[in-house]
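Readers should treat all values here as calculations from the given coordinates under stated rules, not as data from a laboratory. Remember, it's a predicted structure, so these values are computed and weren't measured experimentally. Note that we place each Cβ from the backbone using ideal geometry, even for glycine, and neighbour counts take in every protein chain shown.
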Amino acid sequence: MRLTVLGTSASTPSKERNLSAIMLNFEGLNYLFDCPEGTQRQLMKAKSSYMKIHAIFLSHFHGDHILGLPGLLATMSMHQRDYPLFVFGPKGVKEKVQKALEISLLKVNFEIKAIEVKEGKIFEEEKFFVECFKLNHEIPCYGFVFKEKDSLGQFQREKALKLGIPEGPLWSQLHKGIKVKVGKKTFKPEDVIDVSKKKTGKKISFVFDTLANNSYINKIKDSDVLFHESTFLEKLKDRAKETMHSTAKDASKIAAKAKVKKLVLFHFSPRHKDTEKFDIEAREFFGNVVAAKDLEEIEL
Ligand SMILES: [Zn+2]
Ligand SMILES: [Zn+2]
């Protein structure tokens, strides 16, 4: 798994920083979290393929989070994408995708599956799932958890065949930790799975625009990496409240309460030129923190 911070600015891009978005690469496919203006060029600079984007997750519809969508869809279409793209977002996402196509005068030749999210599990594949949860912002806004599924251990196919369990659906049930019956015999997952090789899947959380509070702590608990917006420094904490955003200190307190392993701050107001100060203010409450720089990568 590789995480690439495509941008770190809030509300407008600056000379130094692009608007905020994060790309997650998992087993060869890309998952994009928010799609602001400038996303395409950042993807190119990060040598991350937009053609490999399997799904886009939009936290909310403020312009600094979605205005890259028309251009990205246009490029995908021009380059003959011919497989479906998922776009998840709050209520109204179908209309937003439709508008994006209208703006770019596009007839796309691939299917766009626009899906309105509700709290809970929104997307599931064989090896991971994505959950979303409500944040506290001026308009409906969601955070996301990307969770790699836990692995019970290594499946021993030789052993399974020896025991007379035929390859197919029974194997995948055992994989999922379910007992199976073959004739009169019942087999437990441990009979064919080497549990010494079990692995807990990685958990990555994304908290976009929000007034920081306890409402979402349970959802992001024990994350390996938490990306948390951090629009302002402490001296502008009143402004943070007014506009329903977080400060670096707010984000670090959340990280400590949720017992995450690593905190990555992003979404910095262009009023703050020097992002090192975010690092310093956050460190007071949570040690393993970094104020992200554009195009920074995290390998897990
Ligand atoms: Zn924003
Ligand atoms: Zn916003």
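Things to note:
- Along region 187-204 the Karplus relation, 6.51 cos²θ - 1.76 cosθ + 1.60 evaluated at θ = phi - 60°, assigns HN-Hα couplings of 10, 9, x, 4, 5, 10, 10, 7, 6, 5, 9, 6, 9, 7, x, 5, 10, 10 Hz to successive residues, with x for each Gly and Pro.
- Annotation: amide H of SER9 within the under-5 Å range of ASN18, LEU19, SER20, HIS267, PHE268, sequence separation 5 or more or interchain, hydrogens built in the peptide plane.
- DSSP beta bridge pairing in the chain, given as percent antiparallel to the nearest 5: 55
- Dipole magnitude for region 154-196: computed about the Cα centre from +1 point charges on Lys and Arg Cβ and -1 point charges on Asp and Glu Cβ, it is near 240 debye.
- Dipole in debye (nearest 20) - the chain, about Cα centre, beta carbon charges: Lys, Arg +1; Asp, Glu -1: 960
- Cα-based Kirkwood hydrodynamic radius, region 1-138, one decimal, Å: 15.2
- Computed over neighbours whose Cβ is under 14 Å from that of ARG2, the net charge equals -3, Lys and Arg +1, Asp and Glu -1.
- Per-pair calculated FRET efficiency, R0 = 41 Å: ASP150 and THR75 via Cβ, rounded to 0.05: 0.65
- Helix-only CD estimate at 222 nm, as mean residue ellipticity for the chain, using -39500 (n - 2.57) per DSSP H run (n ≥ 4): -6500 deg cm²/dmol
- GluC sites (Glu not before Pro) restricted to DSSP loop in region 151-259 with at most 12 other C-beta within 10 Å: GLU167
- Near LYS277, once Lys and Arg are set to +1 and Asp and Glu to -1 for all other residues with Cβ below 10 Å from its Cβ, the sum equals -3.
- Stretchable slack from ASP191 to LYS277, in nm (0.36 nm times residue separation minus alpha-carbon distance): 25.5 nm
- Isotropic mean projected area of the C-alpha convex hull, region 168-226 (nm²): 6.6
- For region 150-300, DSSP calls about 30 percent of its internal beta bridges antiparallel.
- Near ILE22: Cβ cut-off under 12 Å, other residues only, Lys/Arg at +1 and Asp/Glu at -1. The net charge is -4.
- Expressed in Å, the radius of gyration and Dmax of the Cα atoms of the chain are 21.2, 71.
- All aspartates and glutamates inside 13 Å of LYS107 as judged from Cα atoms, apart from same-chain residues fewer than 8 positions distant: ASP82
- Contact order relative to length of the chain, as percent, for alpha carbon pairs under 8 angstrom and 6 or more apart: 17
- Taking amide H as placed 1.01 Å from N in the peptide plane, ALA291 has its amide H under 5 Å from the amide H of LEU265, ASP279, each at least 5 places away in sequence or on another chain.
- Using a cut-off of 18 Å between Cα atoms, the listed pairs LYS127/LYS199; LYS203/LYS257; LYS219/LYS253; LYS121/LYS188; LYS253/LYS293; LYS52/LYS221 include LYS121/LYS188; LYS253/LYS293; LYS52/LYS221 as exceeding that distance.
- Part-to-part distance (alpha-carbon centres) for region 233-300 and region 18-45, which is given in Å: 20
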